[in-house]
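I have a structure I would like to understand better, so I am pasting it below and will then ask my questions one at a time.
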Amino acid sequence: MMTHNAIAAYQQNEVELSVYSARPVELVVMLYDGAIQSLVQANALIQRGDIQAKAQQIIRATNIISELSGVLDLEQGEVAQNLDGIYGYARKQLISANLRNDQRKINEVVNLLKELRSAWQELAQRQNESDRSVRVASHQAQGLLARAG
């Protein structure tokens, strides 16, 4: 039991470190991961007949989607407005899925979230590549300045 507690504490610290050191775009990817994971678990719980635990996982995913929607700045244009519409649709589908134990609707939302996650992951990778390029250029510039000075 003590080993299990130590492992759980280590995993929690690892998650917290990831969150605190992540950029905003990486946090969005993590939120998608959490929602997707909850919905995959909800489907498994439906198959096992654990309706109460299924409801908790769907509520968790719905809360994550609500948070993603809540931080959108709708004045920033069409992309934010489209995301808000997608999030609203996903929440409605999950409410219905929760009431009816509808795995098809859960899978539909999982697929939507996977597509969105993929786009955000690509953006995160582009930012990382851009930052690496800036660091390399900065390092090269420092080297040139040192030789010139």
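The values are calculated or read from the model by the stated rules, or taken from the named source; none is laboratory data. Given the structure is predicted, the values throughout are model-derived calculations rather than measurements. Quick reminder, even Gly has a Cβ in these numbers, built from the backbone with ideal geometry, and neighbours come from all protein chains shown.
(1) touching a helix residue (DSSP H, G or I) at 6+ places or on another chain (Cβ under 7 Å); (2) surrounded by fewer than 16 Cβ atoms within 10 Å (Cβ to Cβ); (3) among the polar types (S, T, N, Q): which one isn't true of Q37, the others all being true?
(1)
Mind listing whichever residues of region 59-71 are within 17 Å of V25 (Cβ to Cβ) and surrounded by 15 or more Cβ atoms within 10 Å (Cβ to Cβ)?
I64, L68, S69
Test V109 against the stated conditions and say whether it is in a helix (DSSP H, G or I), at pLDDT below 95 and of a type in the set (A, V, I, L, M, F, W, C).
Judged against the criteria, V109 is not a match.
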